[in-house]
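The structure under discussion appears below in the form of structure tokens.
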């Protein structure tokens, strides 16, 4: 008995160890995590770490040298393309493996595998959108060209050699916290990452809500406020736009004839729906502009770009220089994809903003049976694609996604659409088509003049981008580049009748006919997600365009002469709100001031003499933006609170009386929204958070959303309606200014750091400078030069 | 004096074992050492507690100081602790308790099966 009892402590100890070694729900295995030898502590990177090392990388053909400057920007010098991209894969994985893994899992709907069943609906939506289907199609195109195939194969091999070199101790911290391990990288993952970007940039849609609203208003029209007629509120074009492509440069000739628009009931199926999530629609996107030498002090063009994307850590971007025979390029890369996405080389520089032409359309499907659907009077069989979703700790979930001629049924009885629609909806999306953006990047990185640049971007089909160009010869150019369809007027703006053959997407518009401008008379080019062309462009399109930033940028650039890079920094930091400058005077004029109480009047006084700038410390900015928020929510809806709202640009035009028809600003709404604003402002004041940056609380979030790995309450001004479009979790993800003098002078900064490790000194190194609106001089080494020894902080020698 | 000897033996062996193998080998080491040692269960607990605790203390400091507490500060926030020092303490106490339990188990077994 005594001996039996003696085993008891051992059993207790074993139980304790067992508990500490087992994850419980979302809590990781604490013993393994806290283990100082192998657990989270292993990610505590010494701040003085010497990164220099010699690496054996099987499959490289020649030695590769990588040097890092003091910001840990990698400069790869390889003897051939294969070694270059293999080294790039290795470097990306070394600094950013977990992020690459998670982002591609998210793209392909495989998050449940690591996070459990809470992510199943997310994964199903990704699969049903056709993310994997699209990536597989693109991969075929990428692997069909030896240049992109070679690039991908080498890149993937580099990542895998790094993964294979890891043991548990060296795994990135997040793997240990969430409890999973990296799996081998594949070329498909690169394709998935590009689809992830395509989804981020072309995935937004209003088609379903717009259809339902149009149908309802058609019935109710006469009873409504005459200001609110559908066509007026949701006009096809924003008025007063200064288009991406200046009016005088549009090619007038279209090689394709516009197809005939079918009957209204086919263009917009009669549907009703309810209970939408309230959409937020205020200026996301990016800016780019280029000045000709005629407008700069140096006489050389200056190109600027700040793509606005989700503000996350680890950052979406990794900064580097790639140098091999035939290529010497610097800029930002996407960990998970080979090449440099935005940047410059010895001869040219380029930058992207999202184009926002609508390339994602929906079809109402009529199904006579569970296996068939109507198309052109025939009953066709669905093609089934079984999507196997693995779930951590649970049995697999198999989702059968049915494919039509149009594309996958994204929503049906098993996966209900927003608005609780009863009928199945099929999706046609440019991101489903095979396209080889990797080849485009390959060629772009090697372009040394305008002709080569144009040839390179012709391969870039989705996500469509406004691709800006400047070169050392003094040229500037801009292309609204992507693959677009020759649509009939109205095609794809609403849910179409999928049984009618006229709704099928028609011919591709030849890429060479995409709107573009080369050295325009105005001496500059600028895009900020505004309408792409004026009305002389021969093809019909719709899209989700934003105008405020474009108005401001054009206003500033039109009067800019002898510009310096410092002037360009200032414009990227510009927080003048065109919205406020136009709307506030009208609001103040119509606000019934005599009905306000004392507290409300105090708030009103804050606005006196305000310069319409959303500077970080401005309290007036907070008062206006809070008031605008409430007023917009009420003024911009047609009837119900969950209705699709008109754009802020449209509302601004209506209230400022720039419209053809008179508009009566509802004073009761202005007053009620000011009262609401006053209540919110009182709360902000109590919390001592009245300064604009406190009120908006810009946060750069770690991908797990853990506050401990994130940076909040950043002291930075601006909003979506200002050039410096820093919102709560979205904003300038890379600011770049390149002066195309003979020795290229380039500056840049992104809100993050080169290392993805939250235990590293380099995790968020650049954030402070980004917040302050400062830039780094980029240490680009021209092809003909050698790096300065003093710039070289660490060196990697890669041996075959 | 004997206790100190066992603490040091456990500390060294636990360090080597967990460098090569998973963390719970520290417990196995504490058990194996104390089950073969002629000490009371109470002292065996202290040997395990002190031995594994010492290893974890040394390794944690070795990681934390050159890192200038970046990681410990963040992890403390993850666990809702006010500062990185407490995270360090929690780590060491966790290791020490596991070691102590294992040492005690060894001591009790040794006593029960000793002729």
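Values quoted throughout were computed directly from the atomic coordinates according to the rules given, and no laboratory measurement underlies them. Predicted model, so just to flag it, every value in this text is computed and none were measured. Glycine gets a Cβ as well: all are built from the backbone with ideal geometry, and neighbour counts include every protein chain shown.
Assorted remarks:
- Kirkwood hydrodynamic radius of the range A:726-773, Cα pairs, Å: 12.1
- Rg/Rg_ref, the range A:130-270, where Rg_ref = 2.2 N^0.38 Å and atoms are Cα: 1.72
- If you wrap the tightest convex hull around every Cα atom of the range A:638-796 and split its volume per residue, you get 215 Å³.
- Reciprocal mean inverse distance between Cα atoms of chain B - Kirkwood radius, Å: 14.3
- For the residues of A:449-457, the average number of beta carbons from a partner chain within 10 Å of their own beta carbon is 0.
- Sorted by Cβ density within 10 Å, fewest first, the residues B:85, A:484: B:85, A:484
- Convex hull projection area averaged over all views, the protein assembly as shown, Cα basis, nm²: 44.1
- Mean-position separation - Cα centroids, the range A:70-110 and the range A:435-511, in angstrom: 26
- Computed E for residue A:697/residue A:656 - FRET, C-beta separation, R0 30 angstrom, nearest 0.05: 0.50
- Label-point gap, in nm, between residue A:772 and residue A:590 - each point 7 angstrom along Cα→Cβ: 4.4
- Shape annotation for the range A:739-800: C-alpha extents along the principal axes are 38, 36, 20 Å, from largest to smallest.
- Summed over qualifying helices (DSSP H, 4 residues or more, each -39500 (n - 2.57)) and divided by its residue number, chain A shows a 222 nm mean residue ellipticity of -9500 deg cm²/dmol.
- Working note: Cα gyration tensor of the range A:267-389, eigenvalues times five, square-rooted, sorted largest first, giving semi-axes of 45, 21, 17 Å.
- The average projected area of the range A:106-155, computed from the convex hull of its Cα atoms over all directions, is 3.9 nm².
- Normalised by residue count, the range A:592-712 yields a Cα convex hull volume of 151 Å³ per residue.
- Look at the stretch B:21-30: the mean tally of other chain Cβ atoms within 10 Å of its residues' Cβ atoms is 5.
- Scaled to the globular estimate 2.2 N^0.38 Å, the Cα spread of the range A:435-529, given as radius of gyration, is 1.30.
- Overall form of the range A:373-440 per C-alpha gyration tensor (a/c, 1.5; a/b vs b/c): oblate
- Counting neighbouring beta carbons within 10 Å and listing from fewest to most, the residues A:140, A:769, A:696 come out as A:140, A:769, A:696.
- Computed E for residue A:598/residue A:555 - FRET, C-beta separation, R0 51 angstrom, nearest 0.05: 0.85
- Inter-centroid distance (Cα atoms) of the range A:630-699 relative to the range A:320-348, Å: 44
- Hydrodynamic analysis of the range A:447-591 uses the Kirkwood radius over alpha carbon pairs. Inserted into Stokes-Einstein at 20 °C and 1.002 mPa s, it gives a translational diffusion coefficient of 118 µm²/s.
- Legend: Rg and Dmax of the range A:542-624, from Cα coordinates, 16.3, 51 Å.
- For B:25, A:37, A:24, the sequence from fewest to most other C-beta atoms within 10 Å is A:24, B:25, A:37.
- Measuring max minus min along each principal axis, the C-alpha atoms of the range B:1-53 give extents of 29, 16, 15 Å (largest first).
- For the range A:140-180, the spread of Cα positions along the three principal axes, ordered from largest to smallest, is 40, 19, 9 Å.
- Kirkwood hydrodynamic radius of the range A:60-163, from the reciprocal of the average inverse Cα-Cα distance over all distinct pairs: 15.5 Å.
- Cα point-scatterer Debye curve for the range A:1-116, base-10 log of I(q)/I(0) at q = 0.10, 0.20 Å⁻¹: -0.58, -1.17
- Fully extending the segment from residue A:117 to residue A:144, taken as 0.36 nm per residue of separation minus the present Cα-Cα distance, adds 6.0 nm.
- C-alpha center-to-center spacing [the range A:771-796, the range B:18-82] in angstrom: 43
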